[in-house]
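Engineer: Here it is: the structure, laid out below.
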Amino acid sequence: MVQAYILVQTEVGKAAAVAAAILAIDGVAQAEDVTGPYDVIVRAEARSVDELGKLVVARIQAVAGITRTLTCPVVHL
């Protein structure tokens, strides 16, 4: 299982709606709107890095109101 945090920037005033839409996507464990340089932080999981990439590109980035994402895979050192 591959897990990642996805940092999301949104259009002004869209953070809550974007977080709610992302939370409804399969593979998303958590999506919360936050303050700071990013507007939403998402925790997602997939079976492989390829599936994680598809989740981010095809499903999460397709949500209306998103302007940029940054995917940070979790590593276990």
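Engineer: Hey, does region 13-22 have a residue that's free of Cβ contacts under 8 Å to residues at least 12 places away in the same chain and either open to solvent by 70 Å² or more (accessible area, probe 1.4 Å) or at negative phi (or both)? Steps first, please.
Structural biologist: Residues of region 13-22 that are free of Cβ contacts under 8 Å to residues at least 12 places away in the same chain, as a first pass: 13, 20.
Retained after the next criterion (residues that are either open to solvent by 70 Å² or more (accessible area, probe 1.4 Å) or at negative phi (or both)): 13, 20.
Yes, region 13-22 contains at least one residue that is free of Cβ contacts under 8 Å to residues at least 12 places away in the same chain and either open to solvent by 70 Å² or more (accessible area, probe 1.4 Å) or at negative phi (or both).
Engineer: Another one. Restricted to region 26-68, and to residues that are among the hydroxyl-bearing types (Ser, Thr, Tyr) and within 22 Å of GLU11 (Cα to Cα), which residue is surrounded by the fewest Cβ atoms within 10 Å (Cβ to Cβ)?
Structural biologist: THR35
Engineer: For region 53-73, which positions are in a loop (DSSP other than H, G, I, E, B) and farther than 13 Å from LEU7 by Cα?
Structural biologist: ALA62, VAL63, ALA64, GLY65
The values are calculated or read from the model by the stated rules, or taken from the named source; none is laboratory data. Just so you know, these numbers come straight off a predicted model, no measurement behind them. Cβ: placed from backbone, ideal geometry, glycine included. Neighbour counts: every protein chain shown. Side chains included, ligands, DNA and RNA excluded: accessible areas come from the protein's heavy atoms. Shrake-Rupley method; radii C 1.70, N 1.55, O 1.52, S 1.80 Å.
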